[in-house]
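The values are calculated or read from the model by the stated rules, or taken from the named source; none is laboratory data. Treat the numbers as computed from the prediction; the structure is a model and nothing was measured. Positions of Cβ are generated from backbone atoms using ideal geometry, with glycine treated the same way; all protein chains shown enter the neighbour counts. Protein only, heavy atoms only, side chains kept; ligands, DNA and RNA dropped before computing areas. Shrake-Rupley method; radii C 1.70, N 1.55, O 1.52, S 1.80 Å.
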Amino acid sequence: MATKTRNLNTEDIEDDCLCSETTTTCSIPLEQKDVEETQSLALNRPNGYLKGESRIERAWSHWKKLGEPKLIVAPMVDNSELPFRLLCRKYGAEAAYTPMLHSRLFNEDEKYRAMEFSTCKEDRPLFVQFCANNPDTLLEAARKVEPYCDYVDINFGCPQRIAKRGNYGAFLMDNLSLVKSLVEKLANNLNVPVSCKIRIFPNLQDTLSYAKMLEDAGCSLLAVHGRTRDEKDGKKFRANWEAIKAVRNVVRIPVLANGNIRHIDDVHSCLEETGADGVLSADPLLENPALFAGYRTAEWGLGVAGMKEDDKLDQAELLIEYLRFCERYPVPWRIIRSHVHKLLGEWFRIQPSVREDFNKQYKLTFEFLYDLVNRLKELGVRIPLYVKDTQQAVSAN
């Protein structure tokens, strides 16, 4: 499988370093004994010895045991890491995916495992997502994480060029026999259920056949992104909720809907229109990790009837909370840098000199970032989040 390489300069090296040398119990010791202990639990496999109706029943039993989470953080490369997941969980997220992990690198590179995957007891329910095109390689990686998650997820939805070069993600839609073998390999050998995240085909019947094939192969939960492989721009192409609804109607396992979840009203609309068992949100959460708690950015709250400015929480405060999680659970600085840009992007537009200073700072520190937030505040920058005006609602009644 081809992997992306990049030329490293000093800034790259600094950004690839963990933000703290301090480790916590959150770091996962993926030792051989953990794998051996997991493999010894063969009699407890939820999928391996089950067929047909029994497998469907077990899929629902597991989902219900987790509390049937409806508000879920989608997998995002370099963005759905542990501190961000914990921040989203604090503000209403009921489950979360890890970023997509490269199965071969996860097996071969101990540093990659340590840098890219961590969790803790508060980080559940958890989907650990892998990309792969070799069933044995995928199973080896999955066995390393199954003691620490509730689903091992296979990425069949990534539409980016790197996925095309590496022959994984949505480009496996051209090789459904390989897709089937990947799912069957995990379903017949793991102690935790297998989930799959897919995109839709241009033709609805192809999508429905695809979903049924995944279910028959042993998939216990299906997340459906309602866009095709070619519809990469989420702002340009609306997700097709009708297609998700059609999938929900033909499979018997839990289905999650992905696409067009920009604020909490979208959540309610999506659940109602698709009949899905939960929703995933990705990019909107990066700007507003409190989305599932009912907060909106100005784009979706300013001037909207029944909404008011919140006088306490804003994106700067969310960034501070995120940085505190990072101090507890270290991640590479490149990930923190990305979240700063996402959370404070509109703030930087008001004070571009602060953004320029941030971009020039090749070696980040927590002190620098806390000072950056304070500097914006001292310059009078504040873009509020918006919440429903409960007083107005009471008055209307």
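What to note about this one:
- Every condition in (1) in contact (Cβ under 8 Å) with a residue 60 or more places away in the chain; (2) surrounded by fewer than 21 Cβ atoms within 10 Å (Cβ to Cβ); (3) out of contact with any Lys or Arg (no Cβ under 9 Å at 6 or more places or on another chain); (4) not basic (Lys, Arg) is met by residue 67 except one, and the failing one is (1).
- Residue 242 vs. criteria open to solvent by less than 20 Å² (accessible area, probe 1.4 Å), in a helix (DSSP H, G or I) and out of contact with any helix residue (DSSP H, G or I) (no Cβ under 6 Å at 6 or more places or on another chain): no
- Residue 106 under 11 Å from the mean Cα position of the chain (by Cα), on the phi < 0 side of the Ramachandran plot and in contact (Cβ under 8 Å) with a residue 24 or more places away in the chain: no
- Selection status of residue 351, more than 27 Å from the chain's Cα centre (by Cα) and either surrounded by 14 or more Cβ atoms within 10 Å (Cβ to Cβ) or in contact (Cβ under 8 Å) with a residue 24 or more places away in the chain (or both): yes
- Residue, nearest to residue 75 (Cα to Cα), within the stretch 214-238, restricted to residues that are open to solvent by less than 10 Å² (accessible area, probe 1.4 Å) and assigned to a loop (DSSP other than H, G, I, E, B): 226
- The stretch 266-281, subset open to solvent by 30 Å² or more (accessible area, probe 1.4 Å) and under 20 Å from the mean Cα position of the chain (by Cα), residue farthest from residue 389 (Cα to Cα): 271
- Test for residue 344: is it closer than 26 Å to residue 375 by Cβ, surrounded by 16 or more Cβ atoms within 10 Å (Cβ to Cβ) and not polar (S, T, N, Q): yes
- Contact map, the stretch 264-279: residues that are under 21 Å from residue 251 (Cα atoms) paired with residues that are open to solvent by 50 Å² or more (accessible area, probe 1.4 Å) and in a helix (DSSP H, G or I), Cβ distance under 6 Å, separation 6+ or inter-chain. Pairs shown: 274/245; 275/245.
- First in the stretch 163-184 and within 16 Å of residue 212 (Cβ to Cβ), second anywhere and in a helix (DSSP H, G or I) and open to solvent by 10 Å² or more (accessible area, probe 1.4 Å), Cβ under 7 Å, 6 or more apart: 176/213; 180/213
- Of all the numbered requirements in (1) within 24 Å of residue 225 (Cβ to Cβ); (2) out of contact with any Lys or Arg (no Cβ under 6 Å at 6 or more places or on another chain), residue 157 misses one, and that requirement is (2).
- Restricting the stretch 282-330 to residues that are without any contact (Cβ under 8 Å) to a residue 40 or more places away in the chain and more than 19 Å from the chain's Cα centre (by Cα), the residue that is least open to solvent (accessible area, probe 1.4 Å): 317
- Residues that are touching a strand residue (DSSP E or B) at 6+ places or on another chain (Cβ under 8 Å), assigned to a helix (DSSP H, G or I) and open to solvent by 10 Å² or more (accessible area, probe 1.4 Å) within the stretch 155-189 comprise just one, 173.
- When 138, 126 are checked against the criterion of being of a type outside the set (Ser, Thr, Tyr) and under 18 Å from the mean Cα position of the chain (by Cα), a single residue qualifies: 126.
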